[in-house]
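Report on one structure; see the data block that follows.
The values are calculated or read from the model by the stated rules, or taken from the named source; none is laboratory data. Here the structure is a predicted model, which means the values were calculated and not measured. Glycine gets a Cβ as well: all are built from the backbone with ideal geometry, and neighbour counts include every protein chain shown. These accessible areas exclude ligands, DNA and RNA; they are computed on the full protein's heavy atoms, side chains included. Shrake-Rupley method; radii C 1.70, N 1.55, O 1.52, S 1.80 Å.
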Amino acid sequence: MSKSAFVDFKAVKAAITMEQVLEHYGILDKFKRGTDSLNGPCPIHKGSNPTQFRISLSKNIWNCFSDCEHGGNVLDFIAKMEKVSIHAAALKAIVWFGLDTEAMSAESDKGESAKKDNAAPAPKSVSKKLASPAPPAEKGVPNAPLKFRLDKLEREHPYLMQERGLTLETIVDFGIGFCSKGMMADRIAIPIHNVKGEVVAYAGRFPGEPDEDIPKYKLPTGFRKSQELFNLDRAIKESPDKPLVIVEGFFDCMKIHQHGYKKVVAIMGSSLSLAQEELIRQHTNSQSQIIVMLDENDAGKAGREDIASRLSKFCFVRVHQFPQPDMEPEHLTDDELANIVEGLK
Ligand SMILES: [Zn+2]
(Lines give C-alpha, C1' and ligand atoms only; values in the text may rest on other atoms or scores of the structure.)
Protein backbone atom coordinates (compact mmCIF):
# COMPACT_ATOMS: atom_id res chain seq x y z
CA MET A 1 0.00 0.00 0.00
CA SER A 2 1.35 3.39 -0.94
CA LYS A 3 2.11 6.02 1.67
CA SER A 4 -0.49 8.37 0.22
CA ALA A 5 -3.22 5.84 0.83
CA PHE A 6 -6.16 7.20 2.73
CA VAL A 7 -7.19 4.72 5.36
CA ASP A 8 -10.85 4.30 6.18
CA PHE A 9 -10.47 4.27 9.97
CA LYS A 10 -14.10 3.42 10.49
CA ALA A 11 -13.84 0.25 8.42
CA VAL A 12 -10.66 -0.82 10.22
CA LYS A 13 -12.25 -0.15 13.61
CA ALA A 14 -15.29 -2.19 12.66
CA ALA A 15 -13.21 -5.10 11.42
CA ILE A 16 -11.18 -5.79 14.55
CA THR A 17 -11.97 -6.30 18.21
CA MET A 18 -10.08 -5.34 21.35
CA GLU A 19 -9.95 -9.04 22.12
CA GLN A 20 -8.09 -9.76 18.88
CA VAL A 21 -5.65 -6.98 19.63
CA LEU A 22 -4.95 -8.30 23.14
CA GLU A 23 -4.43 -11.71 21.60
CA HIS A 24 -2.03 -10.18 19.11
CA TYR A 25 0.01 -8.82 22.01
CA GLY A 26 -0.17 -12.19 23.75
CA ILE A 27 -1.80 -10.68 26.85
CA LEU A 28 -5.40 -11.82 26.50
CA ASP A 29 -4.92 -14.41 29.28
CA LYS A 30 -4.13 -11.62 31.76
CA PHE A 31 -7.71 -10.41 31.47
CA LYS A 32 -10.76 -11.56 33.39
CA ARG A 33 -13.94 -11.94 31.42
CA GLY A 34 -17.23 -10.34 32.56
CA THR A 35 -20.59 -10.45 30.81
CA ASP A 36 -19.61 -7.72 28.40
CA SER A 37 -16.18 -6.83 29.63
CA LEU A 38 -12.55 -7.76 29.94
CA ASN A 39 -10.73 -6.48 33.01
CA GLY A 40 -7.05 -6.51 33.71
CA PRO A 41 -3.88 -4.55 34.37
CA CYS A 42 -3.28 -1.63 31.99
CA PRO A 43 -0.94 -2.71 29.20
CA ILE A 44 -0.33 0.90 28.17
CA HIS A 45 1.24 2.25 31.37
CA LYS A 46 2.13 -1.31 32.37
CA GLY A 47 0.21 -1.22 35.64
CA SER A 48 -0.32 -4.18 37.94
CA ASN A 49 -3.78 -3.50 39.41
CA PRO A 50 -6.02 -6.17 37.80
CA THR A 51 -9.13 -3.94 37.69
CA GLN A 52 -7.74 -0.66 36.44
CA PHE A 53 -8.12 -1.39 32.74
CA ARG A 54 -11.54 -2.22 31.41
CA ILE A 55 -12.82 -3.15 27.97
CA SER A 56 -16.44 -3.06 26.84
CA LEU A 57 -16.76 -5.94 24.39
CA SER A 58 -20.00 -4.76 22.78
CA LYS A 59 -18.77 -1.18 22.33
CA ASN A 60 -15.24 -2.32 21.47
CA ILE A 61 -13.71 0.43 23.61
CA TRP A 62 -11.30 0.55 26.55
CA ASN A 63 -10.60 2.70 29.58
CA CYS A 64 -7.71 2.99 31.97
CA PHE A 65 -8.92 4.32 35.33
CA SER A 66 -5.40 4.65 36.67
CA ASP A 67 -2.28 6.47 35.41
CA CYS A 68 -3.45 6.86 31.80
CA GLU A 69 -6.81 8.34 32.86
CA HIS A 70 -7.75 7.76 29.30
CA GLY A 71 -9.79 5.54 27.05
CA GLY A 72 -10.72 5.14 23.44
CA ASN A 73 -11.42 2.79 20.61
CA VAL A 74 -9.37 -0.09 19.29
CA LEU A 75 -7.21 2.15 17.08
CA ASP A 76 -6.51 4.54 19.94
CA PHE A 77 -5.30 1.51 21.88
CA ILE A 78 -2.90 0.35 19.18
CA ALA A 79 -1.68 3.93 18.75
CA LYS A 80 -0.91 4.19 22.50
CA MET A 81 0.74 0.76 22.63
CA GLU A 82 2.89 1.44 19.58
CA LYS A 83 3.36 5.15 20.33
CA VAL A 84 2.31 6.02 16.79
CA SER A 85 -0.40 8.07 15.08
CA ILE A 86 -3.93 6.74 14.49
CA HIS A 87 -3.13 6.50 10.81
CA ALA A 88 -0.06 4.37 11.48
CA ALA A 89 -2.06 2.28 13.97
CA ALA A 90 -4.70 1.57 11.33
CA LEU A 91 -2.03 0.49 8.85
CA LYS A 92 -0.52 -1.84 11.45
CA ALA A 93 -3.95 -3.33 12.12
CA ILE A 94 -4.50 -3.94 8.41
CA VAL A 95 -1.21 -5.83 8.25
CA TRP A 96 -1.55 -7.73 11.53
CA PHE A 97 -5.04 -8.97 10.85
CA GLY A 98 -4.80 -9.42 7.09
CA LEU A 99 -7.63 -6.99 6.44
CA ASP A 100 -8.83 -6.14 2.97
CA THR A 101 -6.54 -3.30 1.99
CA GLU A 102 -8.66 -2.28 -0.97
CA ALA A 103 -11.82 -2.03 1.08
CA MET A 104 -10.00 -0.29 3.91
CA SER A 105 -8.26 2.30 1.81
CA ALA A 106 -8.73 4.42 -1.23
CA GLU A 107 -6.17 6.49 -3.08
CA SER A 108 -6.60 10.05 -1.96
CA ASP A 109 -6.27 12.51 -4.81
CA LYS A 110 -4.76 15.46 -3.00
CA GLY A 111 -5.64 14.43 0.50
CA GLU A 112 -9.04 15.99 -0.02
CA SER A 113 -10.82 12.86 1.13
CA ALA A 114 -9.06 12.94 4.47
CA LYS A 115 -12.23 14.17 6.15
CA LYS A 116 -14.52 11.62 4.58
CA ASP A 117 -14.46 9.27 7.52
CA ASN A 118 -18.20 8.72 7.23
CA ALA A 119 -18.30 8.06 3.52
CA ALA A 120 -17.96 4.54 2.23
CA PRO A 121 -14.54 3.99 0.66
CA ALA A 122 -14.70 4.32 -3.11
CA PRO A 123 -13.87 0.90 -4.55
CA LYS A 124 -10.90 0.98 -6.89
CA SER A 125 -12.80 -0.90 -9.53
CA VAL A 126 -15.09 2.08 -9.98
CA SER A 127 -12.37 4.50 -10.96
CA LYS A 128 -10.99 1.98 -13.44
CA LYS A 129 -14.31 1.64 -15.20
CA LEU A 130 -13.99 4.99 -16.91
CA ALA A 131 -14.85 3.51 -20.28
CA SER A 132 -18.32 2.39 -19.28
CA PRO A 133 -21.08 4.93 -18.69
CA ALA A 134 -21.81 5.85 -15.10
CA PRO A 135 -24.79 4.00 -13.66
CA PRO A 136 -27.88 6.07 -12.82
CA ALA A 137 -27.49 7.81 -9.49
CA GLU A 138 -30.16 5.81 -7.67
CA LYS A 139 -28.39 2.57 -8.51
CA GLY A 140 -25.27 3.76 -6.74
CA VAL A 141 -21.78 2.30 -6.77
CA PRO A 142 -21.27 -1.46 -6.57
CA ASN A 143 -20.18 -3.07 -3.32
CA ALA A 144 -16.46 -3.78 -3.36
CA PRO A 145 -15.44 -7.44 -3.00
CA LEU A 146 -13.97 -8.28 0.40
CA LYS A 147 -10.34 -9.32 0.53
CA PHE A 148 -10.69 -11.24 3.77
CA ARG A 149 -12.76 -14.21 4.83
CA LEU A 150 -14.19 -14.92 8.24
CA ASP A 151 -12.65 -18.22 9.17
CA LYS A 152 -13.15 -20.75 11.96
CA LEU A 153 -16.92 -20.43 11.68
CA GLU A 154 -18.73 -23.03 13.73
CA ARG A 155 -20.75 -24.97 11.19
CA GLU A 156 -22.59 -27.48 13.33
CA HIS A 157 -24.23 -24.81 15.43
CA PRO A 158 -27.52 -25.82 17.11
CA TYR A 159 -29.23 -22.64 15.92
CA LEU A 160 -28.65 -23.62 12.31
CA MET A 161 -29.31 -27.32 12.58
CA GLN A 162 -32.07 -27.50 15.17
CA GLU A 163 -33.75 -24.07 15.05
CA ARG A 164 -33.50 -23.52 11.32
CA GLY A 165 -33.51 -27.10 10.18
CA LEU A 166 -30.52 -26.79 7.90
CA THR A 167 -28.37 -29.77 7.05
CA LEU A 168 -24.61 -29.62 7.42
CA GLU A 169 -24.40 -29.90 3.65
CA THR A 170 -26.48 -26.72 3.19
CA ILE A 171 -24.52 -24.92 5.90
CA VAL A 172 -21.22 -25.74 4.22
CA ASP A 173 -22.63 -25.06 0.77
CA PHE A 174 -23.64 -21.51 1.77
CA GLY A 175 -20.49 -21.02 3.85
CA ILE A 176 -22.41 -19.93 6.93
CA GLY A 177 -21.56 -20.54 10.57
CA PHE A 178 -21.38 -19.11 14.05
CA CYS A 179 -18.70 -16.49 14.38
CA SER A 180 -16.90 -16.06 17.70
CA LYS A 181 -14.80 -12.98 17.02
CA GLY A 182 -14.56 -9.84 14.96
CA MET A 183 -17.33 -7.63 13.68
CA MET A 184 -19.79 -10.53 13.48
CA ALA A 185 -18.91 -11.97 16.89
CA ASP A 186 -21.69 -14.04 18.48
CA ARG A 187 -23.71 -14.05 15.29
CA ILE A 188 -24.30 -16.41 12.42
CA ALA A 189 -22.16 -15.06 9.59
CA ILE A 190 -23.76 -15.34 6.16
CA PRO A 191 -21.53 -14.48 3.20
CA ILE A 192 -23.23 -12.44 0.49
CA HIS A 193 -21.80 -12.80 -3.01
CA ASN A 194 -22.17 -10.45 -5.94
CA VAL A 195 -23.24 -11.76 -9.34
CA LYS A 196 -19.62 -12.67 -10.12
CA GLY A 197 -19.46 -14.87 -7.03
CA GLU A 198 -17.21 -12.54 -5.05
CA VAL A 199 -17.98 -12.11 -1.35
CA VAL A 200 -19.04 -8.49 -0.83
CA ALA A 201 -20.25 -8.69 2.77
CA TYR A 202 -21.18 -10.87 5.69
CA ALA A 203 -24.61 -10.53 7.21
CA GLY A 204 -24.72 -11.38 10.92
CA ARG A 205 -27.88 -13.07 12.18
CA PHE A 206 -28.45 -13.11 15.90
CA PRO A 207 -28.78 -16.82 16.82
CA GLY A 208 -32.25 -16.70 18.35
CA GLU A 209 -34.78 -14.03 19.24
CA PRO A 210 -32.81 -10.98 20.35
CA ASP A 211 -33.98 -8.42 22.91
CA GLU A 212 -35.76 -5.41 21.43
CA ASP A 213 -32.69 -3.21 21.32
CA ILE A 214 -30.57 -5.77 19.49
CA PRO A 215 -31.06 -6.06 15.74
CA LYS A 216 -31.75 -9.49 14.26
CA TYR A 217 -29.38 -8.75 11.43
CA LYS A 218 -26.19 -6.78 11.37
CA LEU A 219 -24.73 -5.61 8.07
CA PRO A 220 -21.34 -3.95 7.63
CA THR A 221 -21.29 -0.17 7.50
CA GLY A 222 -21.27 1.04 3.93
CA PHE A 223 -22.62 -2.20 2.49
CA ARG A 224 -25.67 -1.65 0.29
CA LYS A 225 -27.82 -4.76 0.25
CA SER A 226 -30.09 -3.13 -2.34
CA GLN A 227 -27.26 -3.73 -4.84
CA GLU A 228 -27.24 -7.51 -4.46
CA LEU A 229 -29.50 -10.51 -4.76
CA PHE A 230 -28.53 -13.29 -2.38
CA ASN A 231 -27.51 -16.47 -4.27
CA LEU A 232 -27.87 -14.85 -7.71
CA ASP A 233 -24.35 -15.92 -8.70
CA ARG A 234 -25.38 -19.55 -8.42
CA ALA A 235 -29.00 -19.24 -9.54
CA ILE A 236 -27.93 -17.93 -12.95
CA LYS A 237 -25.93 -21.11 -13.55
CA GLU A 238 -29.15 -23.12 -13.54
CA SER A 239 -31.08 -23.94 -16.69
CA PRO A 240 -32.73 -20.93 -18.38
CA ASP A 241 -35.86 -23.06 -18.78
CA LYS A 242 -36.40 -23.26 -15.04
CA PRO A 243 -38.29 -20.49 -13.27
CA LEU A 244 -36.36 -18.16 -10.99
CA VAL A 245 -37.85 -18.14 -7.50
CA ILE A 246 -37.68 -14.88 -5.56
CA VAL A 247 -37.97 -15.05 -1.77
CA GLU A 248 -37.45 -12.55 1.04
CA GLY A 249 -34.86 -14.00 3.37
CA PHE A 250 -31.56 -15.85 3.47
CA PHE A 251 -33.11 -18.81 5.25
CA ASP A 252 -36.06 -19.05 2.83
CA CYS A 253 -33.52 -19.25 0.06
CA MET A 254 -31.35 -21.83 1.81
CA LYS A 255 -34.35 -23.98 2.70
CA ILE A 256 -35.61 -24.16 -0.88
CA HIS A 257 -32.07 -24.84 -2.04
CA GLN A 258 -31.80 -27.64 0.50
CA HIS A 259 -34.86 -29.26 -1.05
CA GLY A 260 -33.11 -29.46 -4.37
CA TYR A 261 -34.25 -26.29 -6.11
CA LYS A 262 -31.23 -24.12 -6.73
CA LYS A 263 -32.61 -21.37 -8.93
CA VAL A 264 -33.66 -19.20 -6.03
CA VAL A 265 -32.63 -15.72 -4.88
CA ALA A 266 -33.43 -13.64 -1.80
CA ILE A 267 -34.11 -9.91 -1.98
CA MET A 268 -33.14 -9.56 1.71
CA GLY A 269 -36.36 -7.73 2.56
CA SER A 270 -39.83 -7.43 1.10
CA SER A 271 -39.18 -4.93 -1.65
CA LEU A 272 -37.17 -5.09 -4.85
CA SER A 273 -34.71 -2.26 -5.42
CA LEU A 274 -34.07 -0.76 -8.85
CA ALA A 275 -30.59 -2.26 -8.84
CA GLN A 276 -32.02 -5.71 -8.05
CA GLU A 277 -34.57 -5.31 -10.82
CA GLU A 278 -31.74 -4.47 -13.19
CA LEU A 279 -29.78 -7.57 -12.10
CA ILE A 280 -32.80 -9.75 -12.87
CA ARG A 281 -33.36 -8.02 -16.18
CA GLN A 282 -29.75 -8.73 -17.18
CA HIS A 283 -30.20 -12.45 -16.57
CA THR A 284 -33.62 -13.04 -18.08
CA ASN A 285 -35.25 -12.79 -21.48
CA SER A 286 -38.86 -12.52 -22.64
CA GLN A 287 -39.27 -16.29 -22.26
CA SER A 288 -37.98 -16.43 -18.69
CA GLN A 289 -40.29 -17.31 -15.82
CA ILE A 290 -40.20 -15.85 -12.36
CA ILE A 291 -42.06 -17.00 -9.29
CA VAL A 292 -42.47 -14.45 -6.53
CA MET A 293 -42.76 -16.26 -3.19
CA LEU A 294 -42.75 -13.66 -0.44
CA ASP A 295 -44.06 -14.03 3.09
CA GLU A 296 -47.82 -14.23 3.49
CA ASN A 297 -48.11 -11.00 5.51
CA ASP A 298 -48.90 -7.36 4.73
CA ALA A 299 -45.35 -6.43 3.75
CA GLY A 300 -44.99 -9.54 1.62
CA LYS A 301 -48.31 -8.99 -0.12
CA ALA A 302 -47.50 -5.37 -0.93
CA GLY A 303 -44.02 -6.34 -2.06
CA ARG A 304 -45.09 -9.13 -4.37
CA GLU A 305 -47.69 -6.97 -6.12
CA ASP A 306 -45.13 -4.31 -6.86
CA ILE A 307 -42.50 -6.86 -7.93
CA ALA A 308 -44.91 -8.72 -10.19
CA SER A 309 -46.06 -5.58 -11.95
CA ARG A 310 -42.49 -4.41 -12.54
CA LEU A 311 -40.98 -7.72 -13.67
CA SER A 312 -43.93 -8.73 -15.86
CA LYS A 313 -42.90 -5.95 -18.23
CA PHE A 314 -40.04 -8.14 -19.45
CA CYS A 315 -40.80 -11.77 -18.52
CA PHE A 316 -43.46 -14.18 -17.24
CA VAL A 317 -44.24 -13.69 -13.58
CA ARG A 318 -46.30 -15.83 -11.26
CA VAL A 319 -47.11 -14.96 -7.66
CA HIS A 320 -47.08 -17.83 -5.20
CA GLN A 321 -49.62 -17.43 -2.43
CA PHE A 322 -49.69 -19.49 0.74
CA PRO A 323 -53.08 -20.56 2.11
CA GLN A 324 -51.92 -19.93 5.71
CA PRO A 325 -51.52 -16.33 6.94
CA ASP A 326 -47.99 -15.31 7.95
CA MET A 327 -46.51 -18.34 6.22
CA GLU A 328 -42.92 -17.97 5.04
CA PRO A 329 -41.20 -20.39 2.65
CA GLU A 330 -38.74 -21.29 5.39
CA HIS A 331 -41.50 -22.49 7.69
CA LEU A 332 -43.06 -24.94 5.29
CA THR A 333 -42.82 -28.57 6.29
CA ASP A 334 -40.42 -30.80 4.42
CA ASP A 335 -43.37 -32.33 2.56
CA GLU A 336 -44.79 -28.95 1.57
CA LEU A 337 -41.41 -27.78 0.40
CA ALA A 338 -40.87 -30.98 -1.54
CA ASN A 339 -44.25 -30.49 -3.23
CA ILE A 340 -43.52 -26.90 -4.20
CA VAL A 341 -40.08 -27.79 -5.50
CA GLU A 342 -41.54 -30.70 -7.48
CA GLY A 343 -43.98 -28.27 -9.11
CA LEU A 344 -41.09 -26.00 -10.14
CA LYS A 345 -39.06 -28.67 -11.87
ZN1 LIG B 1 -3.08 2.95 31.97
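Which pairs do you get when a residue that is open to solvent by 50 Å² or more (accessible area, probe 1.4 Å), found in the range 62-80, comes within reach of a residue that is within 8 Å of the ligand (Cβ to nearest atom), reach meaning Cβ atoms under 6 angstrom, with the pair 6+ apart or on two chains? Matching pairs, first to second residue: Phe65/Gln52; Asp67/His45; His70/Cys64; Lys80/Ile44. The test for being in contact with a helix residue (DSSP H, G or I) (Cβ under 6 Å, 6 or more places away or on another chain), closer than 30 Å to Lys147 by Cα and within 14 Å of the ligand (Cβ to nearest atom) does not hold for Trp96.
So, Ser309, is that one farther than 15 Å from His257 by Cα and either open to solvent by less than 10 Å² (accessible area, probe 1.4 Å) or outside any loop (DSSP other than H, G, I, E, B) (or both) or not?
Values: farther than 15 Å from His257 by Cα: yes; either open to solvent by less than 10 Å² (accessible area, probe 1.4 Å) or outside any loop (DSSP other than H, G, I, E, B) (or both): yes.
Yes; evaluated as a whole, the condition is true for this residue.
Out of Lys46, Lys59, Lys80, which single residue is within 14 Å of the ligand (Cβ to nearest atom), assigned to a loop (DSSP other than H, G, I, E, B) and of a type in the set (Lys, Arg)? Don't jump to the end; show me each part of the working.
Numbers: Lys59 fails: within 14 Å of the ligand (Cβ to nearest atom); Lys80 fails: assigned to a loop (DSSP other than H, G, I, E, B).
Criteria check complete, one pass: Lys46.
Exactly one residue out of Leu232, Leu279 is open to solvent by less than 10 Å² (accessible area, probe 1.4 Å) and not aromatic (Phe, Trp, Tyr): that is Leu232. The set of residues in the range 16-36 that are within 16 Å of the ligand (Cβ to nearest atom) and either closer than 24 Å to Ala90 by Cα or in a strand (DSSP E or B) (or both) comprises Met18, Val21, Leu22, Tyr25, Ile27, Phe31. A search for C-beta distances below 9 Å between a residue of the range 14-26 that is modelled with pLDDT under 90 and any residue that is among the aromatic types (Phe, Trp, Tyr) and in a helix (DSSP H, G or I), counting only pairs 6+ apart in sequence or on different chains, returns His24/Trp96. In the set (1) open to solvent by 80 Å² or more (accessible area, probe 1.4 Å); (2) part of a loop (DSSP other than H, G, I, E, B), the condition left unmet by Asp295 is number (1).
What residue, among those in the range 62-76 that are touching a Gly at 6+ places or on another chain (Cβ under 8 Å) and of a type in the set (S, T, N, Q), is nearest to the ligand (Cβ to nearest atom)? Full working, then the answer.
Step one: of the range 62-76, the residues touching a Gly at 6+ places or on another chain (Cβ under 8 Å) are 62-64, 66-67.
Next, from what is left, pick out any that are of a type in the set (S, T, N, Q): 63, 66.
Values: Asn63: 9, Ser66: 5 Å.
Selected residue: Ser66.
Gln52 is checked against (1) within 13 Å of the ligand (Cβ to nearest atom); (2) of a type outside the set (A, V, I, L, M); (3) surrounded by fewer than 16 Cβ atoms within 10 Å (Cβ to Cβ) and fails just one. What number does that condition carry? Here Gln52 meets the rest and fails (3). Any chance the range 31-43 includes a residue that's touching a residue at least 40 places away in the same chain (Cβ under 8 Å) and under 24 Å from Leu150 (Cα atoms)? For the range 31-43, residues touching a residue at least 40 places away in the same chain (Cβ under 8 Å) and under 24 Å from Leu150 (Cα atoms): absent.
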